[in-house]
Amino acid sequence: MSVDKDVQKRGNFCCELCGSEEANTAYAVPSSPGNKAAHHIWVCPTCLNQMNNIETADANHWRCLNDSIWSEEPAVKVVSWRMLHKLKQLDWTQDLIDIAYLDEETMEWAKASGDDINPDDVVKHLDCYGAVLHNGDNVVLTKTLEVKGATFNATVGTVVRKIHLVADNPEQIEGRVNNSMIVILTKYVKKSSS
């Protein structure tokens, strides 16, 4: 039996998210650990279109997640959990996220897409003017800095090329000055276009 037929039969010929009898697609769940029927869900055109174009999502349509998040099928739970995170701006979704239960393996699969990551929670390194810094950027020192453990100062106007961000500290970057790798506070640098 093909994957499509298996998934269609499992869904009882209805959308596994909203229950619509117009379901006609075996949707391969992104970031799945495989490509078997267990990694697909049977969906209707409405769910599929809105999953692929989240800005067109109809909040009332997605009330179906109240039921689908409790499905016995891990793939259905994964897609439901991801949709809840994509629709976090709706007042009812956070309550459902808080009470939904996914076992450890299913939760790992659900989080593999990164839909639960809030862009506001991502650590950002900002220069003295608020510009976002990235690994490999060039910066210019806006203040002469005393370099601890070295016999030189990093003078104002020095260009530090191909910086590295300190992952756990948004106020620090690393860069090479006078052939020495030093830690620099982001408040003393300006992002350079060169």
Hits in region 169-183 - residues which are closer than 19 Å to Cys128 by Cα and in a loop (DSSP other than H, G, I, E, B): Asn169, Pro170, Glu171
Criterion: in contact with a Lys or Arg (Cβ under 8 Å, 6 or more places away or on another chain) and either of a type outside the set (Phe, Trp, Tyr) or within 17 Å of Ala112 (Cβ to Cβ) (or both) - qualifying residue of Ile41, Ile99, Ile69: Ile69
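Residues of region 41-88 being closer than 16 Å to Glu105 by Cα and not aromatic (Phe, Trp, Tyr), which ones?
Hits for region 41-88 are Ile69, Ser71, Glu72, Glu73, Pro74, Ala75, Val76, Lys77, Val78, Val79, Ser80, Arg82.
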Identify all residues within region 23-50 that are hydrophobic (A, V, I, L, M, F, W, C), surrounded by fewer than 20 Cβ atoms within 10 Å (Cβ to Cβ) and part of a helix (DSSP H, G or I); write none if there are none. Ala38, Leu48
Flagged in region 93-106 as without any contact (Cβ under 8 Å) to a residue 24 or more places away in the chain, out of contact with any Leu (no Cβ under 6 Å at 6 or more places or on another chain) and not acidic (Asp, Glu), in numbering order, are Gln94, Ile99, Tyr101
Has region 138-152 got any residue that is over 30 Å from Met51 (Cα atoms), in a loop (DSSP other than H, G, I, E, B) and within 21 Å of the chain's Cα centre (by Cα)? no
Subset of region 44-57, residues out of contact with any His (no Cβ under 9 Å at 6 or more places or on another chain) and touching a residue at least 12 places away in the same chain (Cβ under 8 Å), comes to Cys44, Pro45, Leu48, Met51, Ile54, Ala57
Among (1) touching a residue at least 60 places away in the same chain (Cβ under 8 Å); (2) surrounded by 14 or more Cβ atoms within 10 Å (Cβ to Cβ), which single condition is Pro170 missing? (1)
Kindly list, by first and then second residue, each pair from a residue in region 60-79 that is outside any helix (DSSP H, G or I) to a residue that is buried (at least 20 other Cβ atoms within 10 Å of the Cβ) and of a type in the set (Ser, Thr, Tyr), limited to pairs with Cβ atoms under 8 Å and residues at least 6 apart or on different chains. Ile69/Ser80; Ser71/Ser80
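Rule-based calculations on the coordinates, nothing more; no lab input. Computed from a prediction, not measured in an experiment: that's the story for all the values here. Using ideal geometry, Cβ is built from the backbone for each residue, glycine included, and neighbour counts are taken over all protein chains shown.
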